[in-house]
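Structure first, commentary second.
The values are calculated or read from the model by the stated rules, or taken from the named source; none is laboratory data. Computed from a predicted model, the values in this text were never measured in an experiment. Here the Cβ is made from the backbone with ideal geometry for all residues, glycine too, and neighbour counts use every protein chain on show. We work out accessible area using only protein heavy atoms, side chains counted, and drop any ligands, DNA or RNA first. Shrake-Rupley method; radii C 1.70, N 1.55, O 1.52, S 1.80 Å.
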Amino acid sequence: MPEWTLTLNNKIIKNFNITAGEKLTIGRGSDADVVIDNTAVSRHHTAFELADKNYFIEDLGSLNGTFVNGKKITERTMLKEDDIIQIGKFRLMPAGIFAQREAVSQSSAIDLDMDEETVFVTQKKQTAHQTAQANTHALSVISGSGKPRTIALTGRSSIKIGKDSNCDLVVKGWFIAGAQCYIINRENKNFIVPQKSWVGTKLNNQKITEEKLLNKGDIIEIKNHQIRFE
């Protein structure tokens, strides 16, 4: 089964497979199968399908469009082996095609251009019921003015923490980033993914600059805010 690679700025941010008869939705919405948390991507941006041994791509009425080899598509399109799909600034291609270029290590958070947030990508591999059963953890604000004071991770693939009002957990303060960090659930484990900011994000009193596995009782610190992973 060929593996597919999603890249940004020639860096791999996600590898995934698609099975025969499967149709994956790619988008910013938490209910998408492949979730790209970036404002340039629509909630339901693109559909990717494997049917009758052929791969198909379809734009789902996205704001910025879906492109194949630089050409915007307006209908369900069958892909050739070496086609390159573009979704916003992201490129989707067979892993074998990307492997012909310079190999780059996979990253879970990368800087984008200008004022855009950093990005992480997840792929749903469980039903909502399975996710709810697997992820029974929560975040509790134990110091500072973060809201809400407690947020359950049950049924969620990601939690966005920062000063923007659209964050799942809002923490205010000078130099705190709009998206300070993410908590993501992957294969029944929870990870913290720090984002670029002036104040930085600490885990158990240590500043972190890359993805870290969370364990029960860990303390996340953002300036004067402390959040316990339970």
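Condition (residue is modelled with pLDDT under 90, of a type outside the set (Phe, Trp, Tyr), under 22 Å from the mean Cα position of the chain (by Cα) and over 24 Å from Arg156 (Cα atoms)) applied to region 60-80: is it met by at least one residue? No - not one qualifying residue is present in region 60-80.
For region 205-212, the count of residues that are at pLDDT 95 or above, touching a Phe, Trp or Tyr at 6+ places or on another chain (Cβ under 9 Å) and more than 12 Å from Gly162 (Cα to Cα) is zero. All of (1) touching a Ser or Thr at 6+ places or on another chain (Cβ under 9 Å); (2) at positive phi hold for Gly70 with one exception: (1). When region 1-42 is limited to residues that are within 13 Å of the chain's Cα centre (by Cα) and of a type in the set (Lys, Arg), the one that is nearest to Asp83 (Cα to Cα) turns out to be Lys14. Taking the numbered list (1) of a type in the set (Phe, Trp, Tyr); (2) touching a residue at least 40 places away in the same chain (Cβ under 8 Å); (3) in contact with a Phe, Trp or Tyr (Cβ under 8 Å, 6 or more places away or on another chain) in turn, Phe229 passes all entries but (3). Among all residue pairs at least 6 apart or on different chains, which show Cβ distances below 9 Å where the first residue, located in region 142-159, is under 15 Å from Val193 (Cα atoms) and the second is hydrophobic (A, V, I, L, M, F, W, C) and assigned to a loop (DSSP other than H, G, I, E, B)? These pairs meet every condition: Ser158/Phe120; Ile159/Leu153; Ile159/Cys167. Of all residues in region 162-180, exactly one satisfies the criterion of being assigned to a strand (DSSP E or B) and either open to solvent by 80 Å² or more (accessible area, probe 1.4 Å) or under 17 Å from Thr39 (Cβ atoms) (or both), namely Gly162.
If you go through region 138-161 and pick out every residue that is assigned to a loop (DSSP other than H, G, I, E, B), more than 13 Å from Ile222 (Cβ to Cβ) and open to solvent by 40 Å² or more (accessible area, probe 1.4 Å), you end up with 5. Looking across region 195-229, the residues that are among the charged types (D, E, K, R), surrounded by fewer than 16 Cβ atoms within 10 Å (Cβ to Cβ) and under 15 Å from Ile183 (Cβ atoms) come down to Glu210, Lys216.
Of the residues making up region 5-22, those that are open to solvent by 10 Å² or more (accessible area, probe 1.4 Å), of a type outside the set (Val, Ile, Thr) and modelled with pLDDT of 85 or more are Asn17, Ala20, Gly21, Glu22.
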